[in-house]
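Below: one structure, written as structure tokens.
The values are calculated or read from the model by the stated rules, or taken from the named source; none is laboratory data. Quantities reported herein were computed from a predicted structural model and do not represent experimental measurements. Cβ placement follows ideal geometry from the backbone for every residue including glycine, while neighbour counts extend to all protein chains displayed.
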Amino acid sequence: MTSFDPFPFAPEQRANDPILASIIAPMTTAMVDFVTRVVGWKVDARYNALSYEVARNWDRGEDLRKGSVPELRQAVAADPKLRVLIVHGWNDLSCPFMGSILTVDQMPVMGDPTRVAVREYPGGHMFYTRESSRMDLRKDVLEMYSKH
């Protein structure tokens with residue numbers, strides 16, 4: 001999906017994820033209906049599927065962009081036997097797999113270039129709830145261990 005970036009020259013992403021922004025209203029409606037009608041839980045309170053107020057209060061110090069990439073690079077450099085498997089679901093709105101692919105592709109080659117791998121599976125954030133994805137993940141992990 002593509003959309004216009006209202007802040008194209010900002011050093012960080014300032015606009016919401018276009019897919020996430022478009023599903024908040026229908027998902028909130030569906031959740032309220034499910035919780036009240038199907039589950040039968042009646043609460044006299046507001047339901048927020050995603051709270052921008054809460055998100056604004058997260059501490060976004062200087063380590064926001066750092067993440068764990070420097071630590072991953074240092075660990076791979078320090079241990080020539082280390083193998084890493086980064087896994088994602090295809091439809092994961094929280095952790096898009098292309099970010100990991102880009103991160104791994106930008107790492108310098110340190111020995112065997114297959115030591116750090118990214119694999120994607122059918123499904124969303126919890127792709128392993130699908131039997132076929134869980135079995136594929138198991139196969140990939142066993143293959144990774146066999147190379148050690």
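Within the stretch 2-14, residues that are without any contact (Cβ under 8 Å) to a residue 40 or more places away in the chain reach partners that are among the basic types (K, R) with beta carbons closer than 6 Å, at six or more positions or on different chains, in the pairs F7/R14.
Tell me, yes or no, whether the stretch 8-19 has at least one residue that is out of contact with any His (no Cβ under 8 Å at 6 or more places or on another chain), under 21 Å from W90 (Cα atoms) and assigned to a loop (DSSP other than H, G, I, E, B). Yes: one or more hits. The number of residues in the stretch 79-98 being assigned to a helix (DSSP H, G or I) and either surrounded by 15 or more Cβ atoms within 10 Å (Cβ to Cβ) or modelled with pLDDT of 95 or more (or both) comes to 1. Scanning the stretch 116-148 for residues that are surrounded by 14 or more Cβ atoms within 10 Å (Cβ to Cβ), out of contact with any helix residue (DSSP H, G or I) (no Cβ under 8 Å at 6 or more places or on another chain) and among the basic types (K, R) gives a single hit, R130.
To keep it simple, each residue is scored yes or no on (1) within 22 Å of M144 (Cβ to Cβ); (2) out of contact with any helix residue (DSSP H, G or I) (no Cβ under 8 Å at 6 or more places or on another chain); (3) of a type in the set (S, T, N, Q).
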{"position": "M27", "(1), (2), (3)": "no, yes, no"}
{"position": "F34", "(1), (2), (3)": "no, yes, no"}
{"position": "V104", "(1), (2), (3)": "yes, yes, no"}
{"position": "T114", "(1), (2), (3)": "yes, yes, yes"}
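Whether any residue in the stretch 130-139 is within 20 Å of E12 (Cβ to Cβ), within 18 Å of the chain's Cα centre (by Cα) and either without any contact (Cβ under 8 Å) to a residue 12 or more places away in the chain or assigned to a helix (DSSP H, G or I) (or both) is what I want to check. Checked the stretch 130-139: no residue is within 20 Å of E12 (Cβ to Cβ), within 18 Å of the chain's Cα centre (by Cα) and either without any contact (Cβ under 8 Å) to a residue 12 or more places away in the chain or assigned to a helix (DSSP H, G or I) (or both). Restricting the stretch 20-51 to residues that are assigned to a loop (DSSP other than H, G, I, E, B) and of a type in the set (F, W, Y) leaves a set whose member that is farthest from S94 (Cα to Cα) is W41. Residue check: Q106 meets all listed conditions (1) surrounded by 13 or more Cβ atoms within 10 Å (Cβ to Cβ); (2) outside the structural domain of P11 (by TED's automatic domain parsing); (3) free of Cβ contacts under 8 Å to residues at least 12 places away in the same chain but one, namely (1).
Just one of the listed residues (V109, V104) is outside any strand (DSSP E or B), within 17 Å of the chain's Cα centre (by Cα), farther than 27 Å from A21 by Cα and not aromatic (F, W, Y), namely V104.
Is the stretch 73-85 home to any residue that is closer than 26 Å to A25 by Cβ and in contact with a helix residue (DSSP H, G or I) (Cβ under 7 Å, 6 or more places away or on another chain)? No. For H125, indicate whether it is touching a residue at least 12 places away in the same chain (Cβ under 8 Å), outside any loop (DSSP other than H, G, I, E, B) and within 25 Å of E12 (Cα to Cα). No: the conditions fail for H125.
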